[in-house]
Amino acid sequence: MTGILENIRVLDFGRYIAGPFCGALLGDLGADVIRMEKVDGSEDRFTTPVNAEGIGAGFLQLNRNKRGMTLNPRKPQGSEVLARLVATADVVLANLPPDTLASMGLDYLSLTAIKPDIILTTSTAFGSKGPYGNRVGFDGVAQAMSGNMHLTGEADAPSKNYYPYVDYCTGALNTVGTLAAIIHRMNTGEGQHVEGALLASAITIAGGSLIEQALTGINRTATGNRGQTSGPSDAFPTQDGWLLVQVVGNPLFERWANLMGDDHWLTDERFASDEARGIHGALISERMKAWTSERTTAEAVAELEEARIPCGEILTPAEAIENEQVVAMGFFEQGTYPDVQGNYPLTRLPLDMSKTPGTVRLRPPTLGEHTHAILTDLGYNTEEIDELKRARVV
């Protein structure tokens with residue numbers, strides 16, 4: 001089955017997560033995505049290694065459905081190769097500071113000089129303007145500067161989320177912007193520059209809390225796993241594990257109170273609204289902890305599900321891979337890669353589409369795996385390609 005983007009070519013100069021995730025999603029939808037790397041391999045190829053050769057776990061996830069090519073665009077011969085590539089492309093992806101983009105010939109002005117209707121999608125840490133326009137940063141920096149770390153963990157110990165949610169959010173938002181730009185070009189013939197930023201994504205996710213702060217001056221501090229705007233909303237120990245329960249709104253709270261068998265929860269003014277329950281959440285959590293501590297995780301989940309109260313087991317990564325719902329929904333494909341022993345759980349497009357489903361067609365490329373074939377398509381002969389290799393242009 002061909003994908004909805006089968007006639008779209010993407011040059012993916014992305015690194016680490018935000019750029020490559022956008023490229024992976026476009027590839028899932030059928031685009032011809034070419035991952036562009038340094039001649040010796042880019043840094044993110046080797047982050048969190050999983051085999052003797054040092055191939056990284058994130059690389060295996062984020063570079064499905066891509067062909068691989070190496071290129072040094074800063075060399076004169078490399079800039080010529082880049083120009084030929086750009087002339088065949090629809091989209092260029094890069095998550096690099098503006099000055100670095102310009103030095104590589106990947107800024108919007110340079111690209112449109114080659115192909116006027118090109119779409120350039122970039123990600124920066126803080127945005128391309130302002131006093132931080134050329135500063136570099138990672139997911140954790142955006143978490144810190146958005147207020148997330150201040151509100152995560154304990155009041156005297158700010159904590160970063162382990163999973164890099166800001167990076168993935170930025171990659172997903174960039175995909176939305178890129179698809180919108182493709183539609184705009186279909187309608188008008190015009191390309192454009194799509195810009196995402198880690199700090200913008202983090203601020204967007206924090207938006208409701210920031211509005212609350214601006215309008216009320218509440219100055220919240222962290223309370224561990226316990227929520228501050230409803231209750232019970234916390235992590236609770238069971239006889240054999242842990243459970244997260246989240247109750248929001250009066251109907252759910254009534255169900256919870258009925259499950260506990262305590263009438264006073266519904267008559268005490270301290271628990272009359274989500275706001276009040278957030279303020280007095282420690283009392284509610286204490287009651288819920290007593291309830292879960294008398295049950296196994298499975299028993300607690302069964303009773304909470306019967307009462308239609310949102311809950312979930314706190315799983316280890318190993319347990320998450322094998323969770324029955326994850327397996328039933330087919331959230332993983334079986335990934336393979338040369339010199340990686342056995343299959344690995346490869347996340348697919350996290351959407352189910354009835355007419356144009358995403359597919360995993362290609363495993364991640366080895367370093368420069370498709371360089372020769374791509375250069376041949378661009379008109380280079382074997383002798384010219386060999387010379388480019390000797391000069392370490394590719």
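What follows is calculated from the coordinates using simple rules that are stated; it is not laboratory data. Just so you know, these numbers come straight off a predicted model, no measurement behind them. Here the Cβ positions follow ideal geometry from the backbone for every residue, glycine too, while neighbour counts run over all protein chains shown.
Between amide H atoms placed 1.01 Å from N, distances below 5 Å from residue 242 occur with 314, all of them 5 or more places distant or on a separate chain. For the chain, a crude dipole built from +1 on the beta carbon of Lys and Arg and -1 on the beta carbon of Asp and Glu, taken about the Cα centre, is about 1280 debye to the nearest 20.
For the range 350-367, the residues whose amide N sits under 19 Å from a probe point set 7 Å from the Cα of residue 2 along the beta carbon direction are 354-362. Tell me whether the range 73-122 comes out rounded, prolate or oblate; compute the Cα gyration tensor, take square roots of the eigenvalues as a ≥ b ≥ c, and use a/c under 1.5 as the rounded threshold. Taking the square roots of the gyration eigenvalues as a ≥ b ≥ c, the range 73-122 is oblate.
Between residue 48 and residue 239, the FRET efficiency estimated from the beta carbon spacing at R0 = 41 angstrom works out to 0.75. With each label modelled as a point 7 angstrom along the Cα→C-beta vector, the residue 331-residue 221 pair spans 3.5 nm.
Its Cα centre serving as origin, the range 303-359 has a Cβ charge dipole (Lys and Arg +1, Asp and Glu -1) of approximately 400 debye.
The label-point distance for residue 366 and residue 84, in a model that sets each label 7 Å from Cα toward Cβ, rounds to 2.4 nm. Projected onto its three principal axes, the C-alpha set of the range 52-150 covers 48, 42, 24 Å, listed from the longest axis down. Kyte-Doolittle mean at least 1.0 and Cα extent at least 27 Å along the axis: which DSSP H helices of the chain qualify? Membrane-span-like by this rule: not one helix. In summary, the lysines within cross-link reach of residue 66, defined as a Cα separation below 27 angstrom excluding same-chain residues under 8 places away, comprise 38, 75, 115, 355, 389.
You can think of it this way: the chain between residue 287 and residue 376 has 25.1 nm of extra reach, that is 0.36 nm per residue less the Cα-Cα gap. Anyone know which of 320, 202, 214 comes out most mobile in the 10 Å Cα GNM of the chain? Looking only at 320, 202, 214, the largest GNM fluctuation is found for 214.
Annotation: extensible slack from residue 298 through residue 103 equals 64.5 nm (criterion: 0.36 nm per residue apart, minus Cα-Cα distance). Annotation note: GluC sites (Glu not before Pro) in the range 240-343 located in DSSP loop regions with a Cβ neighbour count of at most 16 within 10 Å are 294. Taking amide H positions as modeled 1.01 Å from N, with prolines and chain starts lacking one, the residues under 5 Å from residue 347 and 5 or more places away or on another chain are 333.
How large is log10 of I(q)/I(0) for the chain at q = 0.06 Å⁻¹ when the intensity is taken from the Debye formula with one equal scatterer per alpha-carbon? So the normalised log intensities work out to -0.31.
Where in the range 332-362 does the label zone of residue 315 land, with the point 7 angstrom along Cα→C-beta and an amide N cut-off under 17 Å? Output list for this probe position: 332-335, 344-351. Taking a Cβ cut-off of under 11 Å around residue 202, the surrounding Lys, Arg, Asp and Glu residues balance to a net charge of -2, with basic ones at +1 and acidic ones at -1.
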